[in-house]
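Data first, discussion second: the structure below is written as structure tokens.
The values are calculated or read from the model by the stated rules, or taken from the named source; none is laboratory data. Quantities reported herein were computed from a predicted structural model and do not represent experimental measurements. Positions of Cβ are generated from backbone atoms using ideal geometry, with glycine treated the same way; all protein chains shown enter the neighbour counts. Side chains included, ligands, DNA and RNA excluded: accessible areas come from the protein's heavy atoms. Shrake-Rupley method; radii C 1.70, N 1.55, O 1.52, S 1.80 Å.
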Amino acid sequence: MKKLAVIIAAASFACAAPVALMAAEHGMKMEHGSHMEHKGDVAHEEVVDGVKATFKVMSMAEHMKAMKMELPKGMKETHHIAVEFKDAKTGKAITAGEVNLKIQGPDKADQTKALTAMQGHFGADFDLSKKGKYGVMSKFKVKDGKVRSAKFWYEVK
């Protein structure tokens, strides 16, 4: 039985190696795991001290659909806010760090949350149910330990 398992494993490797080699020769990326690309509207993008921050806002319905999940009943949060960080020089993704987001709504009510690292971005869910302008303020600390901040306005129509 062990001999059969070794033969099957070797055959699988032998079949997979040429495909991986061909992909590498053609500059293709072979990604493993379930990496979800966050669609959503790019609400704001800026470079802060060598780190490019891209903020995306999407409805919870869009977010849950992208994750192939159903929207939970009674959920009060209406939008998912995601931020992706990249090294501004190399373009390499920065996936470790601490991110805090404070949102002030059109009614001046505040929501503050620590964003969670998830599949290449940091994100959290917020209640943006009122129409109008929202002030979005973030503080983030990535691998170099330096605290950076970014702020912008986002309008819900």
Fill in: Accessible area, probe 1.4 Å, largest first, for residues D87, D49
D49, D87
Worksheet item: If r is the Cβ-Cβ distance from D49 to T78 and R0 is 25 Å, what FRET efficiency results, to the nearest 0.05?
Response: 0.20
Discussion item. Quick check: residue separation of M137 and K151 times 0.36 nm, minus the Cα distance between them. What number comes out in nm?
Written reply: 4.6 nm
Worksheet item: Can you give the accessible area of L115, probe radius 1.4 Å, in Å² rounded to 10?
Response: 20 Å²
Worksheet item: In cubic angstrom, how much convex hull volume per residue do the alpha carbon atoms of the stretch 44-157 span?
Response: 100 Å³
Worksheet item: What is the spin-label model distance, in nm, from Q111 to V42 if the labels are put 7 Å beyond Cα along the C-beta direction?
Response: 2.4 nm
Worksheet item: Sorted by accessible area with a 1.4 angstrom probe, largest first, how do T78, T116, T54 fall?
Response: T116, T78, T54
Worksheet, complete the sentence: Residues whose modelled amide H sits under 5 Å from the amide H of L128, counting only those 5 or more places away in sequence or on another chain, are T78, H79
